[in-house]
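No lab work stands behind these numbers, since they all come straight from the coordinates. Bear in mind the structure is a predicted one, so any value in this text is a computation, not a measurement. Glycine gets a Cβ as well: all are built from the backbone with ideal geometry, and neighbour counts include every protein chain shown.
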Amino acid sequence: NAGVTQTPKFQVLKTGQSMTLQCAQDMNHNSMYWYRQDPGMGLRLIYYSASEGTTDKGEVPNGYNVSRLNKREFSLRLESAAPSQTSVYFCASTLSGGNPNTQYFGPGTRLTVL
Amino acid sequence: SQKIEQNSEALNIQEGKTATLTCNYTNYSPAYLQWYRQDPGRGPVFLLLIRENEKEKRKERLKVTFDTTLKQSLFHITASQPADSATYLCALVGNFNKFYFGSGTKLNVKP
């Protein structure tokens, strides 16, 4: 099992450019999440998908859109990148329901917006 | 909204000593609390969880306590080693499987 994979690992954008961060998991998990991590701010939830076909806003959704393409894949799109979106982005997944759930994280995407 | 606080200052300790990290939370009564480890350039990795009806949980050199009255969890690493150096995050799980993470405490274990 590859677990949670993310592409790309690094990206540099100019202000106003758009891009999509890709995430996939092969653990048959129901729920998937996108976080950003900034120094001193910890992990902040951008969007999440509790199950295939549903998406909901997290703490910091402005400037982002998501697509839960199928059970495996959950993408994050920046339509018009801004320097404030410079951050490290993590995708995570969880097998929801029943027992306490834990999160499995991808390796992250380091994004710089100039 | 939920608020989770961890000491933002790095914790520096000598190898062999016990490291103790603190996680405080407000505005919530979680059914359980989790601890994760994060190494530089990597995603967090789950370590332990403790339920609200458990006072203490152990896994090898790790020990977690959970005081729902104080709204606090303590994370202990006994006989610490330089390989334990990392950032440790605590997390609560809210409604609809939403996770709330603290900002983490960086642990430096010196040989």
Query - Projected area averaged over orientations for chain B, convex hull of C-alpha atoms, nm² - result: 6.8 nm²
Query - Centre separation in Å (Cα based) which lies between the stretch B:8-22 and the stretch A:37-85 - result: 33 Å
Query - Square roots of five times the Cα gyration tensor eigenvalues for the protein assembly as shown, Å - result: 30, 20, 16
**Report entry** Peptide B:100-106 - average C-beta neighbours from other chains (10 Å radius)
**Finding:** 4
**Report entry** Exercise: per-residue mean of other protein chain Cβ atoms within 10 Å, B:39-47
**Finding:** 5
Report summary line: With Rh as the Kirkwood radius over Cα pairs, the stretch A:1-92 has Rg/Rh of 0.95
Report summary line: the stretch A:10-61: Kirkwood hydrodynamic radius (Cα pairs, Å) comes out at 13.0 Å
Query raised in the report: For peptide A:52-63, how many partner chain Cβ atoms fall within 10 Å of a residue's Cβ, on average?
Result: 1
